[in-house]
1. Would you mind working out the magnitude of the charge dipole of the chain relative to its Cα centre, with +1 at each Lys and Arg C-beta and -1 at each Asp and Glu C-beta, to the nearest 20 Debye?
2. Taking the Cα centre of the stretch 1-68 as the origin and placing charges on Cβ (Lys, Arg +1; Asp, Glu -1), which of A45, N30, V11 is farthest toward the positive end of the dipole?
3. Taking a virtual spin label 7 Å from the Cα of A35 along the C-beta vector, which residues in the stretch 51-78 bring their backbone nitrogen under 20 Å of it?
4. Below 8 Å, C-alpha to C-alpha, sequence gap of six or more: please give me the relative contact order for the chain in percent.
5. Would you mind getting the accessible area per residue of the chain, heavy atoms of the protein chains only, 1.4 Å probe, in Å²?
6. Out of [x] 21; [y] 49; [z] 17, which label holds the value of percent of Cα pairs over 21 Å apart that was computed here?
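The values are calculated or read from the model by the stated rules, or taken from the named source; none is laboratory data. Not measured: the values here are computed from a predicted model. Don't worry about glycine lacking a Cβ; one is built from the backbone with ideal geometry, like all the others, and counts go over all protein chains shown. What goes into the accessible areas is simple: the full protein's heavy atoms, side chains included, and nothing from ligands, DNA or RNA. Shrake-Rupley method; radii C 1.70, N 1.55, O 1.52, S 1.80 Å.
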Amino acid sequence: MPRSTPPPEWVLARRQQIGDQIRAARLHANLTQEAVAHAIPMDRAQYNRIEQGHAAPLLDTLIQIADAIGVPLSELVK
């Protein structure tokens, strides 16, 4: 069910920061969005929305992303 009110600005900013950290870790691992999305599995467009900070992934999804990139989950959400 969709949220009735949008999250506060600080939550959106933190979501963007996490997306930036995911992107940096993926690039450091020399992986494409397509490769990470395929490993999860997830549609590449949805994965892109996570990196852009437009989607709020579940914890399980963040764990899968960290595993696919080969980094500890803490590196993505620090």
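1. On the way: 8 positive and 8 negative charges, 36 e Å.
I would put it at about 180 debye.
2. Farthest towards the positive pole: V11.
3. 51-52, 62-73, 75-76
4. Details: 63 pairs, mean separation 28.4, N = 78.
Relative contact order for the chain comes out at 36 percent.
5. Values: 5200 Å² over 78 residues.
It amounts to 67 Å² per residue over the chain.
6. Checking each listed value against the structure points to [x].
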